[in-house]
Amino acid sequence: MFNGLANWWDNAELWLAQLWFPLQFILVVAVLGPLCLGAAWLIDRIVDRIGAWFGSAPDRDCPPRS
């Protein structure tokens, strides 16, 4: 199974490397753009949940609000 995946990856890499550079750029942006946006959204959600779980620390430098 790993050999099949390695062969597929090698063929895809060779195909992409032989394309005209502007087309390479468009394909990479079209694939990596959504992946990076999805990863950023997921990281943001995880950090928000962890932050909500820990809560906010009291501000000790300011006097209490009345």
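Within the range 13-30, residues that are open to solvent by 100 Å² or more (accessible area, probe 1.4 Å) reach no partner that is part of a loop (DSSP other than H, G, I, E, B) with beta carbons closer than 9 Å at six or more positions or on different chains. Checking each residue in the range 29-51 for being under 19 Å from LEU16 (Cα atoms) and among the β-branched types (Val, Ile, Thr) picks out VAL29, VAL31.
Taken together, GLY4, GLY38 contain a single residue that is of a type in the set (Gly, Ala, Ser), assigned to a helix (DSSP H, G or I) and either surrounded by 10 or more Cβ atoms within 10 Å (Cβ to Cβ) or at pLDDT 95 or above (or both), which is GLY38.
The values are calculated or read from the model by the stated rules, or taken from the named source; none is laboratory data. What you see is a predicted model; the values in this text were computed from it and never measured. Methodologically, a virtual Cβ is constructed for each residue, glycine included, from the backbone with ideal geometry; neighbour enumeration extends over all protein chains shown. SASA here: full protein model, heavy atoms, side chains in, ligands and nucleic acids out. Shrake-Rupley method; radii C 1.70, N 1.55, O 1.52, S 1.80 Å.
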